[in-house]
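Structure record follows, encoded as structure tokens.
None of the figures in this text is laboratory data; all of them are computed from the coordinates on show. Worth saying up front: this structure is predicted, and the values here are computed from it rather than measured. As a convention, Cβ positions derive from the backbone with ideal geometry for all residues, glycine included, and neighbour counts pool all protein chains shown.
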């Protein structure tokens, strides 16, 4: 199980670099998701219940930020304006 979590953590970390040109909220989602996978792996490897509890709270933060980002993307697209700010990255020419 630990190996799978590490693999997912590495994969998510690689995807994080793709978010650097999209939005700050998506960067936050992928950063917290990467941390979540590694904390889950460490918690499973060590059996530390306090770490697992902290990891659960970190997962709630990650999930809440993902819901905000998803809602923001949908509402901003539907209304054609910034209903929920996402911190869009300005592309330099």
Original post:
Order of 36-44, 78-86, 6-14 by packing, highest average Cβ count within 10 Å first?
Top reply: 36-44, 6-14, 78-86
Subject >> Theoretical FRET efficiency, 1/(1+(r/R0)^6), r = Cβ-Cβ of residue 61 and residue 3, R0 25 Å, to 0.05 >> reply: 0.50
Original post:
How long is the stretch 11-50 along each principal axis, judged by its Cα atoms, biggest number first, in Å?
Top reply: 37, 17, 6
Original post:
Among 16, 30, 54, whose mean-square fluctuation peaks in a Gaussian network model of the chain (Cα, cutoff 10 Å)?
Top reply: 54
**OP:** Quick one: order 53, 19 by neighbouring beta-carbon count within 10 Å, fewest to most.
**Re:** 53, 19
Original post:
With the contact rule set at Cα under 8 Å and sequence spacing of 6 or more, what percent relative contact order holds for the chain?
Top reply: 34
Subject >> Value at 222 nm in deg cm²/dmol, rounded to 500, when DSSP H runs of n ≥ 4 in the chain each add -39,500 (n - 2.57) >> reply: -27000 deg cm²/dmol
Subject >> Computed log₁₀ I(q)/I(0) - Debye formula, equal Cα scatterers, no solvent, the stretch 6-84, q 0.19, 0.23, 0.25 Å⁻¹ >> reply: -0.81, -1.01, -1.10
